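Input: a single structure, listed below in structure tokens.
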Amino acid sequence: MDCASFDKLVLDHLPAMQRLAVRLTGDRDAAEDLMQDALFKAMRSRKTFEERASFSTWMTRIVINAFRDGVSKKGTGIYFVEPTGREIEKRFPSPFSAVQAADMADHVAGLVSALSPRQREVLVLIAYEQMSAAQTADALGMTEQNVRTTLHHARQKLREQLAPYLSPDQR
Amino acid sequence: MNEPSRHDQDALDELLAEARWPEPAAESTRRLAAYYQGLRRRQLTWRTASIGLAAAAAVAVIAVISPRLMTSPQDSGQVTAKIPMNRQPVVLAPQPNISLPGREPTALELIVFRAHERRQSPTLAVRTHDLSAHIGQAVDRLARTPSADADTVARSLVPHDPAGEAEETLAAMLRDQRDERAVAIVRLLSEIGTSRSLPILQAAASRPAMRSAALPGLIRLADASTLGGLIRGEIDASTRERLLIALLMREPQSAMPLFLMVANDESSELRRAALAAFDQIGDPPLEQLWLAMDDPRIEYRLTAARVLGRAADPTTLGRLMILADRPERRREAIVALLASPHPLAQTALVRASSNSALAGLIRHLQQMEPVYVSYKPIAQPTL
């Protein structure tokens, strides 16, 4: 694929990839940093893109790799600051103050973005990027079984954190 | 551990579907696109330079190891093999045709000179001595007396400029000027400049010494996108308010999204400034706000609601009360009513609080809106 066509694909997909980056990092500024790295990787890896494949899936893989590179540098606080359980509790001392302090929608997004990196990747791709288990496995370099197991653990964790809002009494 | 019930499974999915992340800012997307395009340009430049270096190295190697190839066939009497020149010559990027003794042109000077080159024609190259002298005097006056009113000084040029050449003359003068005279020229361009002066004014606004000189012109001429970029970088509150008002006066379809981004900025100071600017508009773009209330993004709708509520005219209030009856827009309507200074809005909220389901929502939203709402406790209706 020639450079001009490739560049057009990158720029056409940029907004969608940015939204993916925001969901992964939970923060717009961190997402922009992530996307800079991803764009650099995309340019360098142009020749690995096979035209018969889905550009969206290929670019998603690039963004995920950039996210993982950032995660591996977590010691310097790149890309995300994963709140500890204590920090979450401090911000949201009770379920009701959590809803009062931040809309439920923000609260849920914050919990998703605070999952462990691997759980976050799987949940975001399946629940918000509308990928199938097979597509997610392909994008993340995992087996489908692994994807399903990781998704189950992610949902389990969120269910525990959102338990007060799931109880019939509370709804 | 018990397996989650089907009810919990569906409830969790509903909550997950509600998750809301902040939308990436359009400015951020533009920055990333520009970054990517910059990467591509650097890559092309590197490749061109690499090819050139490789070609030069190849020629040097051939010259060193095969001296016979360099002799003339007439001298040697032999057939000379052609030197393989399968490399393209290095193509240098076109450089601006500017020569200034002793230093590189500044960015502002390049902008000015390129704009001048594009417009250059034999007729424009002729300047009357009279106009030039008056322009020089005007610049001197503003440079010596910064407190002088630029508008008054600019008007003094009008009788001497029947052909409307002052703008071009000032732009051409700018490249040779420094400090106070350069600021004076930018002030004059702010007053008399047309859209042709926008590049100069935008470049000047990025330089601290010239920003205040350029802003009046930008407020007058710049499009919504440029104004949006200037607002965030502006420290002075009154200038920021002028920029916000100017933004609201621009074509609503392009201006409103930018305005709402400021009204939803992380900085509470910027949010308050946006609302204060909106309060000063005599004829606010209400229809654009109503359109924004149907945006798919909840954050956007809520911001529009906070602004719309301040309109306080009876028609808007009536529409908001009708909207509050729609469950899918009830939250936005209540946020707007909470933001309204109109007594009827408060009356409507008090009446709505008699409904226990709505009372909880109103109290919840009231606690969420401390920055935007003139807090008034909702009085319980008397029985």
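Considering only the range B:169-195, how many residues are in contact with a His (Cβ under 8 Å, 6 or more places away or on another chain) and over 15 Å from B:G217 (Cα atoms)?
First, pick out the residues of the range B:169-195 that are in contact with a His (Cβ under 8 Å, 6 or more places away or on another chain): B:171-172.
Subset that is over 15 Å from B:G217 (Cα atoms): B:172.
Matching residues across the range B:169-195 total 1.
Which of the helices (runs of 4 or more DSSP H) found entirely inside the range B:185-304 contain at least 1 residues meeting this: within 30 Å of B:I334 (Cβ to Cβ)? Full working, then the answer.
Numbers: elements: B:198-205, B:208-221, B:224-233, B:237-249, B:252-263, B:268-280, B:286-292.
Output list reads B:224-233, B:237-249, B:252-263, B:268-280, B:286-292.
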- Message: Tell me the residue from B:R68, B:R47, B:R40 that is in a helix (DSSP H, G or I) and modelled with pLDDT of 80 or more, please.
- Response: B:R40
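Going by the conditions given, is B:I231 in contact with a helix residue (DSSP H, G or I) (Cβ under 6 Å, 6 or more places away or on another chain), surrounded by fewer than 18 Cβ atoms within 10 Å (Cβ to Cβ), under 30 Å from B:L317 (Cβ atoms) and at pLDDT 90 or above? I'd like the intermediate steps shown before the answer.
On the way: in contact with a helix residue (DSSP H, G or I) (Cβ under 6 Å, 6 or more places away or on another chain): yes; surrounded by fewer than 18 Cβ atoms within 10 Å (Cβ to Cβ): no; under 30 Å from B:L317 (Cβ atoms): yes; at pLDDT 90 or above: yes.
So B:I231 fails the test.
Output the residue which, of all residues in the range B:32-42 that are at the interface with chain A (Cβ under 7 Å from one of its Cβ atoms) and not small (G, A, S), is surrounded by the most Cβ atoms within 10 Å (Cβ to Cβ). Even if it seems obvious, please write down each step before you answer.
Just the residues of the range B:32-42 that are at the interface with chain A (Cβ under 7 Å from one of its Cβ atoms), to begin with: B:32-33, B:35-36, B:39-40.
Checking which are not small (G, A, S) leaves us with B:32, B:35-36, B:39-40.
Numbers: B:L32: 24, B:Y35: 15, B:Y36: 21, B:L39: 17, B:R40: 17.
By that ranking, first place goes to B:L32.
Only one residue in B:A312, B:A352 is touching a His at 6+ places or on another chain (Cβ under 6 Å) and away from every other protein chain (no Cβ under 14 Å). Which one? Can you show your working first?
Details: B:A352 fails: touching a His at 6+ places or on another chain (Cβ under 6 Å).
Answer to the check: B:A312.
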- Message: Suppose we filter the range A:1-50 for residues that are more than 10 Å from chain B (Cβ to nearest Cβ) and not in a helix (DSSP H, G or I); how many remain?
- Response: 5
- Note on the structure: Selection over the range A:113-126 where residues are within 13 Å of chain B (Cβ to nearest Cβ) and either surrounded by fewer than 19 Cβ atoms within 10 Å (Cβ to Cβ) or assigned to a loop (DSSP other than H, G, I, E, B) (or both) yields a count of 2
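The values are calculated or read from the model by the stated rules, or taken from the named source; none is laboratory data. These numbers were taken from a predicted model, which means no experiment stands behind them. Every residue, glycine as well, gets a Cβ built from its backbone with ideal geometry; the counts of neighbours run over all protein chains shown.
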